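Reviewing the structure listed below.
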2 protein chains.
Amino acid sequence: MSKNKLIKVIFEPDGMDVFVPAGTLLSKAASAAGRAVEAPCGGMGTCGKCKVIVSGVVGEPDVAERRALTEEELASGIRLACRTKVVGEISVTIPESSRSMVQKILSQGVLRECALMSSVTKAYCELAAPTLEDERAEFERLAVYLEAQDIQLKPNLNVIRGLSSRMRSGDYKVTAVMYGDELIAVECGDTTEQCYGIAYDLGSTTIVGYLMNLKTGDEMAVSAVMNPQVVYGDDLVARISFATTQEGGAQMLQSAAVDAMNRIASDLAASAKIFLGNIYKATVVGNTCMSHLLLGIDVSSLGQSPYVPSVCSDITLPAHELGLEFCSEAKVVVLPNIAGFVGADTVGVMLSSMCEDDGTTRLAVDIGTNGEMALLHGGKTYVCSAAAGPAFEGAGISCGMRGAPGAIDSVVIGETVRISTVNNRKPIGICGSGLVDAVAQMLDAGIVDDTGRMLSPVDAGFLPEAVSQRIIETERGVEFVLATKQESGSGKAITLTAGDIRHLQLAKGSIHAAIQTLIKTAGTSDDQLSQILLAGAFGNYIRVESAIRIGLIPPIDREKVVSIGNAAGAGARLALLCEQETALARQIAHKARHLELAVLPDYQMELMERMMFPSAMELVGE
Amino acid sequence: MSKNKLIKVIFEPDGMDVFVPAGTLLSKAASAAGRAVEAPCGGMGTCGKCKVIVSGVVGEPDVAERRALTEEELASGIRLACRTKVVGEISVTIPESSRSMVQKILSQGVLRECALMSSVTKAYCELAAPTLEDERAEFERLAVYLEAQDIQLKPNLNVIRGLSSRMRSGDYKVTAVMYGDELIAVECGDTTEQCYGIAYDLGSTTIVGYLMNLKTGDEMAVSAVMNPQVVYGDDLVARISFATTQEGGAQMLQSAAVDAMNRIASDLAASAKIFLGNIYKATVVGNTCMSHLLLGIDVSSLGQSPYVPSVCSDITLPAHELGLEFCSEAKVVVLPNIAGFVGADTVGVMLSSMCEDDGTTRLAVDIGTNGEMALLHGGKTYVCSAAAGPAFEGAGISCGMRGAPGAIDSVVIGETVRISTVNNRKPIGICGSGLVDAVAQMLDAGIVDDTGRMLSPVDAGFLPEAVSQRIIETERGVEFVLATKQESGSGKAITLTAGDIRHLQLAKGSIHAAIQTLIKTAGTSDDQLSQILLAGAFGNYIRVESAIRIGLIPPIDREKVVSIGNAAGAGARLALLCEQETALARQIAHKARHLELAVLPDYQMELMERMMFPSAMELVGE
């Protein structure tokens, strides 16, 4: 990451600005400013959906832009956000047609029942105004009133500071807001019905917020934004490097996260028609690096072996200390971590899906760039993380893209090749779940063998012609055409290369090897697994048969594999609604046995083995 | 208080600056900057001890200055700090000869025994450095180590933020500092021997700090400064008005107090040769207004009837939040108040001197501009405050002054009039204890009668000539000369006027009436008093016989009246050294019954009666 000064980019018409390093793509800058633009072609510059109007100096248009834009458009300052880099201070207008909704963000997770005991309570008090005969202090006046209702009250200095004028402006008819026994706000009149909280899933790519009614336990609204930190680094390694090498970098990453969380809060408040000041509690799950950055904790030790976090305990702090614009003394509870690469998000998954020990053996897997997994067996839990690489998120794959409209998300190979895409648009690339599906079908059809080698066109005679003609030789070697240039929405054929298959083998191999290492360390076996829980977006969209076919997960009965959606977010919601759930999260984090795969020879052996695709025989054999 | 902008005054050679309202005397500005100047004449401009060198625009010299300074001195910028007012930004040099030590600040108080249980503990830890086989988080590494010693540890986010680099720079050999179970600092190496705290008595005139060794309970140093808030208002009423009417006034008063507390801390650290960073706890006693101002709590309700504080509970906050330059997460405990005009200082007095209930009836009195008193009877305590006016502090009296060098502090009238002064300098005025002494002697000699009327010269034939010739008639009426113009160090006679006697009557009457109201409310009487404890400077220097003679306190056996020195400060030290003492202070504050004299008709009746001086008969009668 360069040490250069950051450059200001202003987004019109509302003047939202953001500071980014030189060379940042406008699309990323837009995302950092919470102004997502359409990017169905995945940033290849082919779809022309991300047109923006630029005012100020930018670099020369590249070949893709020259192809996608007319001379007239270029002359009037129109550029593609996905190709244009920031070189100096500019102002950017995003036309309505280029604005994007955040797509396919997985916000739902199964929410199990829990007690409603959020620690936030409100009490309406009609107090006697002070007189010379009754000179009790404002705080003690309130405390004595509440004591009669068996409520103990402890002062919070920031509330005390303005208490006297608040009491008088409320004419001593006020609502006391308590977190536990601490007085966190005093409001004029009776506001006992307004009592809300937000559960955040602070992902490195996406941040999701759930607005919950703390009086009823109801979910009132959900909102999600891209994590604007992406502008400072695509992945955690890049962000840690930015935080530790760029002056003020850690603060920038922190503010970016806080800004996004505030943006979500505003959205939620607007859609549920509530006041931000009536939000008294928030919970946050995220990986260890994300929560360290949010809390302003030094992340340098997370960037180098042995990847030691500064803290695993849960941390509670007042909203104003983080800059979150709720009730000023609202409590923000950042849930506990387990290790440097197994964070509160995994704890959230375990809390929402694995904390009832019914004696069975269960596995939860959350697959992203990092795969985190937890195994419950014999009353104990074992967790680990494996670096899968970005293949499952559609990156590092020649025609890969995120699960946005136009992404191929399922493939069927029979007499011919049939595909489906997100939102049924013309295909422009392939996303992670599509990749798994495609390769599973190619394995079944014999286009790819157990070792990952792709059939050469000359050996493809046994296939239906409509299929065999899709195996082609190019300068990159053998490729399989999922969509021809004519079928494609980007004007380019969408293919899988031999290299793509290798990427997938590495990714799925590392996940499955990690699963096997957990299973062996726990002293159990595949056939004892009563359930595999797939958490997260990838786990939600993937076709289970295909995941088993390529050997991403152990070959167990299809019915035993359950997608549990945003289980991390569900954990955050449980902890928001119930103090006992937070205590449970603490126990889960404390008791989980973390396996460091890097030092386990077993894992290396497994990895070698699990890079291969399972033979049809192996799968039947189970 | 004017709404004008504040003016900067710089004190050389060290460049300390202070912002004061236009019209502030240089002597007050100096005091606000912690640079006290000599003022033996009490600011009358007659002693010429407070010469300073001024650079910048100031007003014209007044008559007193023209008399005290030569033309040459005036030409070279020399002025009297006690007469020169600030009109614009200036720089002031105080010559060595004009510098003053703060005089007769009462820092000692009787410190009773208490347990040593300050909540601050330190533990040296030799930890294993992280490896891939041992990836525990930094905090949990420490927590597990300490758990083996039965120490529970809770994280403090600010400590966690830098924990990783601290651990590494200490090579995992570190000292953990805990307040209760909260980790408040981690220091490299073994620093367990360095463990200190400061007890503050935050008076409206003087601030005293006691440096205590929290490992041994020893007092290591004492330091005191004038309260620099005096520049914004002499008394509480003026400061409340400044805080509530001047923009940013409350913040200025707060910073002034914090600056002074930091100055004391630096002095203490320098004289005891310790590091400020090894101070982990401070306790503060002060009146309710002073502690509200320190904590940034709105004082407007303290400035108007019914004088309701915002809070009475004790408040604990980290040092950095107040701007105190100790260990950043050191805890500052501001002790509890009882009412708007009975604050933590009175609680401190009660804690150090009255908390053992041996079944006797005891009275503690702390006399200043406000007199606060507490009566213990039948296991219950009764407290009240009475506005005595400034007579006991030497103000409002024609030749009155503080107890600085040259103040008459005792008077004996026999064949002649003999006086003694502070530091045995030539007399330049009379302080509170001298005033009480003088009037007691004048009563005994028959110069003043029970009603307070002074003998006229024509009726003074019965007195020795050396005494009677000191009764003179002036345009102000009858005066009694304590020191003639020739005997005086100021070139002016030092006299007591009929008006001075009236001021004293009012002052002593209000105190004694308050005492009687307490005694009657408690259902007891003077002769059941087993002890009267006199707290504070005035109580320390006053001659008990004289106090009884003028009827300031009830006429009980001389031996039953005990000066207990700075008992408020002693209370702060107890709370510093022992958590249970803080709990006791909380109980004392909670249980004390506060009498609001303004609404008690009894008090008004008593006041009428107690304005008179007791007759010799009454005193003998007891």
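Computed values, structure above
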quantity: Over the stretch B:120-188 - Rg/Rh using Cα atoms and the Kirkwood inverse-distance radius; calculated: 0.92
quantity: Antiparallel DSSP beta bridges within chain A, percent to nearest 5; calculated: 70
quantity: Point-to-point label distance, A:E559-A:A272, nm (Cα→Cβ direction, 7 Å offset); calculated: 3.8
quantity: Cβ-based net charge around A:K85, under 14 Å, with every Lys or Arg adding one and every Asp or Glu removing one; calculated: -1
quantity: Chain A: angle of helix A:498-521 to the longest principal axis, Cα-based, in degrees nearest 10; calculated: 50
quantity: Computed over chain B: relative contact order in percent, which uses C-alpha pairs under 8 Å that are six or more apart; calculated: 13
quantity: Degrees between helix B:601-610 axis and first principal axis of chain B (Cα, 0 to 90, nearest 10); calculated: 50
quantity: Label geometry 7 Å along the beta-carbon vector: A:G23 inter-copy distances in nm; calculated: 6.4
quantity: Percent of Cα-Cα distances greater than 15 Å, calculated over the stretch A:7-98; calculated: 51
quantity: Convex hull of the stretch B:487-529 built on C-alpha atoms - directionally averaged projected area, nm²; calculated: 4.9
quantity: Inter-probe distance in nm under a simple model that places probes 7 Å from Cα toward Cβ, at B:F462 and A:S525; calculated: 12.1
quantity: Förster radius 45 Å - calculated FRET efficiency between B:Q580 and B:K426 (Cβ-Cβ, nearest 0.05); calculated: 0.35
quantity: Label-point separation, A:K485 to B:R168 (7 Å along Cα→Cβ), nm; calculated: 5.3
quantity: Length added when fully stretched, B:K154-B:T216, from 0.36 nm per residue minus Cα-Cα; calculated: 19.8 nm
quantity: Estimated FRET transfer efficiency (B:V57, A:E193; beta-carbon r; R0 60 Å; 0.05); calculated: 0.45
quantity: Whole-number percent relative contact order across the stretch A:7-98, with pairs defined as alpha carbons under 8 Å at least 6 apart; calculated: 41
quantity: Within the stretch B:122-275: Cβ-based charge dipole about Cα centre, in debye rounded to nearest 20 (Lys, Arg +1; Asp, Glu -1); calculated: 300
quantity: Label geometry 7 Å along the beta-carbon vector: A:Q580 inter-copy distances in nm; calculated: 3.7
quantity: Size-normalised alpha-carbon gyration radius of the stretch A:357-453, reference 2.2 N^0.38 Å; calculated: 1.34
quantity: Using a 7 Å Cα-to-Cβ projection, A:E96 label spacings across copies, nm, ascending; calculated: 8.4
quantity: In Å, descending, principal axis extents of the Cα set of chain B; calculated: 103, 68, 41
quantity: Rounded tilt (10° steps) of B:579-591 against the dominant C-alpha axis of chain B; calculated: 50
quantity: The stretch A:391-504: proportion of alpha-carbon pairs further apart than 23 angstrom, %; calculated: 18
quantity: Candidate aspartates and glutamates - alpha carbon under 12 Å from A:K28, same-chain residues fewer than 8 apart omitted; calculated: A:E38, A:D234
quantity: Cα pair distances in the protein assembly as shown, grouped into 20 Å bins until the bin that holds the longest one, percent each; calculated: 10, 30, 28, 18, 10, 3, 0, 0
quantity: Solvent-free Debye scattering, log10 I(q)/I(0), computed from the Cα coordinates of the stretch A:325-413 at q = 0.10, 0.12, 0.18, 0.23 Å⁻¹; calculated: -0.42, -0.57, -0.90, -1.06
quantity: Relative contact order %, the stretch B:98-247, counting alpha carbon pairs below 8 Å whose residues are six or more apart; calculated: 21
quantity: Sum of side-chain charges, B:G303 neighbourhood, beta-carbon under 13 Å (Lys, Arg +1; Asp, Glu -1); calculated: -1
quantity: Theoretical FRET efficiency, 1/(1+(r/R0)^6), r = Cβ-Cβ of B:V87 and A:D17, R0 60 Å, to 0.05; calculated: 0.85
quantity: Bins of 10 Å from zero: percent of alpha-carbon pairs in the stretch B:428-556; calculated: 12, 39, 31, 14, 5, 0
quantity: Solution diffusion estimate, µm²/s, Stokes-Einstein, the stretch B:231-343, Kirkwood Rh from C-alpha pairs, 25 °C, viscosity 0.890 mPa s; calculated: 168
quantity: Among A:V599, A:A567, A:M612 - extreme Cα towards positive end, dipole of the stretch A:548-622, charges at beta-carbon; calculated: A:A567
quantity: Length added when fully stretched, B:M605-B:A128, from 0.36 nm per residue minus Cα-Cα; calculated: 164.2 nm
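Quick note: the coordinates plus some simple rules give every number you see, no bench work behind them. Every value quoted in this text rests on a predicted model; they were computed, and no experiment measured them. In this analysis, Cβ positions are derived from the backbone assuming ideal geometry, glycine residues included, and neighbour counts consider all displayed protein chains.
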